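Written below as structure tokens is the structure these notes are about.
The values are calculated or read from the model by the stated rules, or taken from the named source; none is laboratory data. Keep in mind the model is a prediction, meaning the values are calculated, not measured. Quick reminder, even Gly has a Cβ in these numbers, built from the backbone with ideal geometry, and neighbours come from all protein chains shown.
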Amino acid sequence: MSYFGGAPGVSYSADWWAKVYALFETSFPGLPAGVERAAAVGVPWPSVTTPFVWFDGEEAVSHVGVLMQPMRINGEDHLVAGIHAVCTRPSHRGRGLARRLLAEACAFADAHTPLSELSTDDPPIYTGHGFRVTPTYRFVASRAAPAAGEVRPLRPASVSADLRLLQDLLRRRAPASSRWGTREPGWLVLTDAALSRRLDAVFAWLPEHDAVIAWEAVGEDQHILDVIAAQLPPKEAVLGALPPARGRVLWSFCPDLLDPEAQAEALPATSGAFMTRGPWPKLDPFGVSPLWEH
């Protein structure tokens with residue numbers, strides 16, 4: 001068995017990464033294709049992650065990744081380590097390989113920041129490494145008179161001008177929440193949108209406000225995933241940009257800067273668990289957008 005860990009992803013060759021992507025496919029079918037979609041919009045996977053990997057001969061058999069995300073939390077700026085893409089090839093499970101990689105990854109994260117996070121459907125894997133389940137919420141939008149204004153759908157995966165517009169606003173963005181909001185300049189949002197096939201489906205431009213909103217319909221409800229602007233637009237502009245909804249309008253993150261009257265409700269258990277590690281500040285209800293997850 002050969003161990004690799006602690007070096008930036010860009011340190012490794014394309015052939016080495018191809019073997020890691022082959023491992024991903026065994027645990028997360030379709031993930032390598034999503035990685036290709038992210039690279040096509042300017043976010044190559046090796047540029048944003050530090051991998052920890054076991055190889056058995058020429059075959060990658062277990063992986064844990066770490067990325068570093070700048071965030072706004074309780075009004076203060078923090079660097080947060082995100083643990084992601086934890087997997088072991090089925091033929092090598094039960095040997096403690098991922099557990100050992102997690103220990104190495106957590107030690108690496110601790111050397112850079114005391115705060116770590118992850119999203120998972122299997123929390124017990126991580127509790128032994130100091131992670132604890134932290135409740136997350138979504139927020140029911142308050143009623144508001146819609147504000148008329150131009151709204152244009154964006155297709156950043158297909159239209160280069162749309163991609164440039166989105167990238168520019170991501171670089172200049174103000175955090176959409178002071179309670180829990182990403183400050184990264186676009187690589188995470190674009191990667192999450194690429195992995196989930198949302199790139200050409202959820203973004204819309206509000207020219208009057210030089211802002212982009214990300215939203216999607218879920219059943220009869222509408223979920224606001226992000227608001228991307230150097231200066232956040234008023235709530236009425238965001239809600240008015242959505243088509244009439246039969247159900248509710250839900251913010252997937254805490255809209256303390258956009259809609260402070262929105263009502264928090266706990267996320268359903270089917271959404272998985274959000275876990276944190278380290279000396280996190282005490283937080284009022286917050287949400288983690290699907291475009292801000294690891």
Report task. Could you tell me whether any residue of the range 283-291 is assigned by TED's automatic domain parsing to the domain that holds residue 152, under 16 Å from residue 215 (Cβ atoms) and crowded, with 20+ Cβ neighbours inside 10 Å? Result -> no
Requested in this report: Within the range 171-180, identify whether any single residue is part of a strand (DSSP E or B), in contact with a strand residue (DSSP E or B) (Cβ under 8 Å, 6 or more places away or on another chain) and of a type outside the set (Asp, Glu), and answer yes or no.
Outcome: yes
Query raised in the report: Can you name the residue in the range 227-251 that is outside any loop (DSSP other than H, G, I, E, B) and of a type in the set (D, E, K, R) and, of all such residues, is nearest to residue 262 (Cα to Cα)?
Result: 235
Query raised in the report: Counting residues that are among the aliphatic types (A, V, I, L, M), which strands (runs of 3 or more DSSP E) fully inside the range 40-152 reach at least 3?
Result: 59-73, 76-88
Query - Criterion: surrounded by fewer than 20 Cβ atoms within 10 Å (Cβ to Cβ) and farther than 28 Å from residue 200 by Cα - qualifying residue of 60, 103 - result: 103
Query raised in the report: Given the conditions (1) among the hydrophobic types (A, V, I, L, M, F, W, C); (2) under 19 Å from residue 184 (Cβ atoms); (3) under 19 Å from the mean Cα position of the chain (by Cα), which single one is not true for residue 251?
Result: (2)
